[in-house]
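The values are calculated or read from the model by the stated rules, or taken from the named source; none is laboratory data. Keep in mind it's a predicted model, so treat the numbers as computed, not measured. Heads up, the Cβs are rebuilt from the backbone with ideal geometry, glycines too, and the neighbour counts pull from every protein chain shown.
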């Protein structure tokens with residue numbers, strides 16, 4: 001689920017890219033108005049008084065029940081979008097990190113909760129997004145990940 005914000009509000013967000021070879025862990029979401037399934041790394045809204053890396057640690061703990069290690073800030077992306085027919089604007093801090101629970105790296109689907117709503121996270125190859133099988137948000141993230149491939 002993607003949080004809808006009030007008209008005219010810019011939302012600060014922190015997300016984390018977890019890699020497994022050429023795969024990244026992403027949440028699967030849908031927009032009923034557009035009829036679109038899309039993917040986004042896990043994370044969420046930065047709360048007042050919280051640093052971006054603290055947001056990532058809190059959100060991954062809440063969503064997947066795992067701690068994170070070796071968080072590294074990559075960059076910020078500005079994301080202006082339409083979701084469920086409403087415009088949104090985010091400043092997204094992008095981090096890379098590692099999941100402490102190593103069993104998550106062998107699962108195909110990881111089920112969790114986001115704001116008490118079931119969350120489905122999957123390992124997807126970057127080529128899935130390069131081939132335009134589905135969008136990866138925020139915009140600009142795919143290009144960034146292609147440049148920073150390990």
- line: (1) surrounded by fewer than 17 Cβ atoms within 10 Å (Cβ to Cβ); (2) assigned to a loop (DSSP other than H, G, I, E, B) all hold for residue 138 apart from (1)
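Here is a yes/no grid of residues against (1) part of a strand (DSSP E or B); (2) more than 13 Å from the chain's Cα centre (by Cα); (3) surrounded by fewer than 13 Cβ atoms within 10 Å (Cβ to Cβ):
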| residue | (1), (2), (3) |
| --- | --- |
| 29 | yes, no, no |
| 49 | no, yes, yes |
| 54 | no, yes, no |
| 63 | no, no, no |
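Checking the conditions here, which among 11, 40, 58, 72 is in contact with a strand residue (DSSP E or B) (Cβ under 9 Å, 6 or more places away or on another chain) and exposed (fewer than 14 other Cβ atoms within 10 Å of the Cβ)?
Values: 11 fails: exposed (fewer than 14 other Cβ atoms within 10 Å of the Cβ); 40 fails: exposed (fewer than 14 other Cβ atoms within 10 Å of the Cβ); 58 fails: exposed (fewer than 14 other Cβ atoms within 10 Å of the Cβ).
Unique residue meeting the criteria: 72.
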task: Just give me the residues in segment 111-129 being more than 21 Å from residue 60 (Cα to Cα) and exposed (fewer than 13 other Cβ atoms within 10 Å of the Cβ), in sequence order.
output: 127
- request: Specify which of the listed residues (145, 77) is crowded, with 17+ Cβ neighbours inside 10 Å, touching a strand residue (DSSP E or B) at 6+ places or on another chain (Cβ under 9 Å) and modelled with pLDDT under 95.
  value: 145
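Out of the residues in segment 108-129 that are touching a strand residue (DSSP E or B) at 6+ places or on another chain (Cβ under 8 Å) and not in a strand (DSSP E or B), state the one that is modelled with the lowest pLDDT. Lay out the reasoning, then the answer.
Step one: of segment 108-129, the residues touching a strand residue (DSSP E or B) at 6+ places or on another chain (Cβ under 8 Å) are 108-114, 118-126, 129.
From what's left, not in a strand (DSSP E or B): 108, 126, 129.
Values: 108: 91, 126: 95, 129: 96.
Ranking the candidates gives 108 first.
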task: Read through the list (1) in contact (Cβ under 8 Å) with a residue 60 or more places away in the chain; (2) surrounded by 13 or more Cβ atoms within 10 Å (Cβ to Cβ); (3) part of a strand (DSSP E or B), then give the number of the only condition that residue 104 fails.
output: (3)
